[in-house]
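In what follows, a single structure is set out as structure tokens and then discussed.
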Amino acid sequence: MVLKWFNRLILLVYALLIIVPLYFVFVSSFKTSSNFFTSPFSWPDPFTWDNIIGMFRNQPMWQYFGNSLVVTLGTVAIELLLSSMIAYAIVRWGGSVGKIVFALFVAGLIVPSQVSMLPIYSLTRILGWSDSLTGLIIVSAAMLMPVSVFMLTGFMRMLNAEILEAGSMDGASEWRLYTKIALPLAAPSLAATATFLLVMVWNDLLIPMLMLTSKSKLTLPLALMQFRGEYVTNYPMMLTGVMITAIPMIVLFLLLQRYFVAGLTAGSLKG
């Protein structure tokens with residue numbers, strides 16, 4: 001009984017850690033600057049839509065939204081295609097070759113992204129990818145490749161090897177085994193990985209800050225930095241941007257949470 005109530009207490013604290021910041025961002029989006037500083041956690045008084053209207057009237061938010069959408073979908077599409085192929089190859093190779101290739105990708109998880117900032121900046125300038133959404137997609141996909149390969153390799157190892165071997169004995173090529181058997185069976189795992197990657201790319205600030213300079217190519221997280229001045233920061237407007245940026249990911253997770261949980265638990269009943 002004590003353990004049961006302790007677990008409930010932990011869940012309550014965890015829920016508050018999520019709900020309180022969301023509430024703070026929501027109410028702040030409908031406050032004036034004076035109301036924000038005098039009563040930061042109270043209900044807006046007066047309740048105003050000026051921040052949201054000003055966000056779209058004075059800022060090209062739809063353009064920033066479109067940039068984030070293009071970068072996110074492009075990165076995740078490339079990521080899922082390449083990482084699923086690599087994960088499948090690692091599992092099919094097996095033995096020492098598969099272990100070595102897998103270890104090389106896992107080693108990429110050890111290197112902090114901040115360490116690679118200078119080489120990435122220099123390389124993108126040499127290749128002409130700086131201030132380019134295409135270059136940002138390629139670099140983002142490369143940076144996240146170790147994470148997605150690590151996740152999908154674990155999922156691919158849970159596939160029924162007998163089905164793949166039977167298909168191979170019937171004369172199916174590796175490409176056919178990958179597209180017709182491995183991918184359909186790994187669909188829940190791909191959905192879980194896609195959800196994880198969508199959130200990471202959508203909220204990423206470091207790589208866009210490193211590569212993008214033109215205002216017309218800014219992504220949403222990077223565009224929010226415009227509301228931070230040297231001496232004065234428009235916090236209600238900034239938090240309004242945070243709310244607008246967070247809403248698509250919240251809706252996405254609510255729609256895909258069933259697939260996300262199914263992907264994370266894939267193979268748990270095997271055996």
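The values are calculated or read from the model by the stated rules, or taken from the named source; none is laboratory data. As the structure is a computational prediction, the values presented were derived from the model and not from experiment. All Cβ positions, glycine included, derive from the backbone under ideal geometry; neighbour counts span all protein chains shown.
Annotations
- Close Cβ contacts (under 7 Å, 6 or more residues apart or on different chains) running from residues in the range 88-106 that are closer than 12 Å to GLY154 by Cα to residues that are part of a helix (DSSP H, G or I) and among the small types (Gly, Ala, Ser) comprise TYR88/ALA182; ILE90/GLY98; VAL91/GLY98.
- Residue count, the range 86-116 (criterion: under 20 Å from LEU197 (Cα atoms) and among the aliphatic types (A, V, I, L, M)): 7
- Qualifying residue in the range 225-238 (condition: in contact with a Phe, Trp or Tyr (Cβ under 8 Å, 6 or more places away or on another chain), part of a helix (DSSP H, G or I), aliphatic (A, V, I, L, M) and modelled with pLDDT of 85 or more): no
- Scanning the range 124-161 for residues that are modelled with pLDDT of 85 or more and charged (D, E, K, R), we see that the one that is nearest to LEU220 (Cα to Cα) is ASP131.
- Verdict on LEU256 being buried (at least 16 other Cβ atoms within 10 Å of the Cβ), out of contact with any Pro (no Cβ under 7 Å at 6 or more places or on another chain) and either under 20 Å from LEU69 (Cβ atoms) or modelled with pLDDT of 85 or more (or both): yes
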